[in-house]
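Below is one structure; the comments refer to it alone.
The values are calculated or read from the model by the stated rules, or taken from the named source; none is laboratory data. Keep in mind that what you see is a predicted model, and the values were worked out from it rather than measured. Cβ: placed from backbone, ideal geometry, glycine included. Neighbour counts: every protein chain shown.
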Amino acid sequence: MSARMILMRNKMLKISATAFMMTTSAAMAGWEKLPAMPEPNGGFACGADAGGITMLGGTNWTNSEKRWLQTISHFDLATMRWEVIGRLSEPVGYGSSGIRHSDDGRHETLIMLGGSNGRTPVKATAIVDTIKTVLVPAQVLPEKIVLCAGGIVGDAFIIAGGTDDVANIAGFTNRVVSFDLTRRTIAPAA
């Protein structure tokens, strides 16, 4: 295993440990029931920003039919309410997401990589500036990635695992790739 891969693995372990400790601390403080989402949803991308939670796409079931969603919703911590703030250019779910904070710390951008539109995997990213609630036109990825895990480390979106199609269970991989958020390129994480 290369030194860079070991460093990346250690960063991911630290992030996971920090997330676990924060979750455990919050659980010990007590739970509070929040308002229901605008509609039932699974397979969505989401991220926490300074004002709440932004959620992109996802899926749900209506009358035994799976629906793929295009909605961009935001939960506002100040008002404790959900609001639909926009629509994606196409339905998408089962991608990976992360929040990128601006250098000045004044706003966040929710980024979703990969996923599926219900018919085929998509090779695109969805980028939502949570202050302006504007969807940036999708940037094409060089390959299809769906049902993967990931997160942002510096200027890179690290993607672990996944497959090229939600129906291709045998296609799951254990590879780790890095998507450069500045240059919009993807490469194996070394």
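What to note about this one:
- Cβ-Cβ under 6 Å pairs, at least 6 apart or on other chains, segment 74-98 side among the acidic types (Asp, Glu), far side assigned to a strand (DSSP E or B): Asp76/Gly52; Glu83/His74
- For the residues Thr23, Thr54, the requirement of being surrounded by 10 or more Cβ atoms within 10 Å (Cβ to Cβ), on the phi < 0 side of the Ramachandran plot, in a helix (DSSP H, G or I) and modelled with pLDDT of 50 or more singles out Thr23.
- Test for Met8: is it more than 22 Å from Glu108 (Cβ to Cβ), surrounded by 17 or more Cβ atoms within 10 Å (Cβ to Cβ) and modelled with pLDDT under 80: yes
- Any chance Leu110 is at pLDDT below 85 and either within 20 Å of Gly58 (Cα to Cα) or crowded, with 19+ Cβ neighbours inside 10 Å (or both): yes
- Reported count of residues in segment 35-51, each being at positive phi and either among the aliphatic types (A, V, I, L, M) or modelled with pLDDT under 90 (or both), is 0.
- The residues listed here are Thr79, Thr109; of these, the one that is over 14 Å from Val146 (Cα atoms), part of a loop (DSSP other than H, G, I, E, B) and hydroxyl-bearing (Ser, Thr, Tyr) is Thr79.
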